[in-house]
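Okay, so here's the structure we're looking at.
The values are calculated or read from the model by the stated rules, or taken from the named source; none is laboratory data. This one's a predicted model, so the numbers in the text were calculated from it and none came from an experiment. Virtual Cβ from ideal backbone geometry, glycine too; neighbours counted across all protein chains shown. These accessible areas exclude ligands, DNA and RNA; they are computed on the full protein's heavy atoms, side chains included. Shrake-Rupley method; radii C 1.70, N 1.55, O 1.52, S 1.80 Å.
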Amino acid sequence: MSKILRATHIWLGALLTANFILLILTGMVVQHRAFFRLEERTISRRWLPAGYRPQDPDTEIRADIVFTDLHSGRIFGAWGPLVVDAAAAGLLSMILTGFVMQLIYRCRNKQHNSQLY
């Protein structure tokens, strides 16, 4: 059981690290939108996925909208929020597997230490 938990924890961590970093950075930028003056800045459509915000005919999109959509996954269309939800579930699984592994480790150490005395 411990080996399965450890492998799950390691692989989830490896797979979700990039997504987690993206969520952290975009969340910080959106949280401090005034500091970064996002409402005053725009991002060219050539840097954005094809079909992103087709209702906006402009050649540029306000940066606050782009960063918010990147943070939520909406920038990637209908599947984007589902991918973000899956990443959140994976991160929750990492927390749970880490917690269970720590409990197992502590229980084993208590048993081992009690046998020594």
**Study point:** Matching helices (runs of 4 or more DSSP H) fully within the chain where at least 3 residues are open to solvent by less than 70 Å² (accessible area, probe 1.4 Å), free of Cβ contacts under 8 Å to residues at least 60 places away in the same chain and out of contact with any Phe, Trp or Tyr (no Cβ under 8 Å at 6 or more places or on another chain)
**Key:** 2-31, 63-72, 80-116
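Assess whether THR59 counts as being modelled with pLDDT of 90 or more and under 24 Å from the mean Cα position of the chain (by Cα).
Working: modelled with pLDDT of 90 or more: yes; under 24 Å from the mean Cα position of the chain (by Cα): no.
Against the criterion (modelled with pLDDT of 90 or more and under 24 Å from the mean Cα position of the chain (by Cα)), THR59 does not qualify.
Here is a yes/no grid of residues against (1) more than 23 Å from LEU82 (Cα to Cα); (2) in contact with a Leu (Cβ under 7 Å, 6 or more places away or on another chain):
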residue	(1), (2)
THR26	no, yes
ILE43	yes, no
TRP47	no, no
GLY51	no, no
PRO54	no, no
ASP58	yes, no
ILE65	no, no
THR68	no, no
Review point. Does ASP69 meet the test of being out of contact with any helix residue (DSSP H, G or I) (no Cβ under 7 Å at 6 or more places or on another chain), among the acidic types (Asp, Glu) and more than 30 Å from SER2 (Cβ to Cβ)?
Key: no
